[in-house]
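Okay, structure first, notes after.
The values are calculated or read from the model by the stated rules, or taken from the named source; none is laboratory data. This one's a predicted model, so the numbers in the text were calculated from it and none came from an experiment. Positions of Cβ are generated from backbone atoms using ideal geometry, with glycine treated the same way; all protein chains shown enter the neighbour counts.
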Amino acid sequence: MTQQNSVQKDTQMTKLIADLQKRVETLEDMLEAGKEVLTVEEAAKFMGMARSSLYKMTSDQTIPFYRPNGKMIFFEKTDILSWIRKNRVSSREEIEEEARLHMQKLSRETKNV
């Protein structure tokens, strides 16, 4: 009986620890969400990519970043969001609508000639 109780308590403690770890992660995510300046690790997590990919992008200077002391790299969240939005890919529907409008314009121009 005592061994069974011990196993049950261990199982309960393991579940409690896992629950607390989830709560801490949630709180950390909430705190990071409020930050304006991010480290490489935070920026990689924010964008859902590997740190090595982000380092490569800074090396290639394809993404805006800050290096105030010559070593540590920082990112402004607004810069990241602007950069992401700048590289938008149009939907098929948008491309088709743009092609339709272009064809209408060409059609009008050929009628006027």
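Of the residues making up the stretch 39-50, not a single one is of a type outside the set (Gly, Ala, Ser) and surrounded by fewer than 10 Cβ atoms within 10 Å (Cβ to Cβ). One residue stands out among those in the stretch 26-55 that are modelled with pLDDT of 95 or more and out of contact with any helix residue (DSSP H, G or I) (no Cβ under 6 Å at 6 or more places or on another chain): the one that is nearest to PRO68 (Cα to Cα), which is TYR55.
Screening the candidates MET47, MET13 for the property of being of a type in the set (A, V, I, L, M, F, W, C) and farther than 14 Å from LYS77 by Cβ yields one hit, MET13. Within the stretch 56-113, which residues are in a helix (DSSP H, G or I), within 30 Å of ALA43 (Cβ to Cβ) and of a type in the set (D, E, K, R)? Residues satisfying the conditions are LYS56, LYS77, ASP79, ARG85, LYS86, GLU94.
Picking from residues in the stretch 21-38 that are in a loop (DSSP other than H, G, I, E, B) and among the charged types (D, E, K, R), the one that is surrounded by the most Cβ atoms within 10 Å (Cβ to Cβ) is LYS35. Considering ILE73, ILE95, ILE80, the condition of being under 16 Å from the mean Cα position of the chain (by Cα) and surrounded by 10 or more Cβ atoms within 10 Å (Cβ to Cβ) is satisfied by ILE80 alone. Apart from one condition, THR78 fits all of (1) in contact with a helix residue (DSSP H, G or I) (Cβ under 8 Å, 6 or more places away or on another chain); (2) touching a residue at least 24 places away in the same chain (Cβ under 8 Å); the exception is (1).
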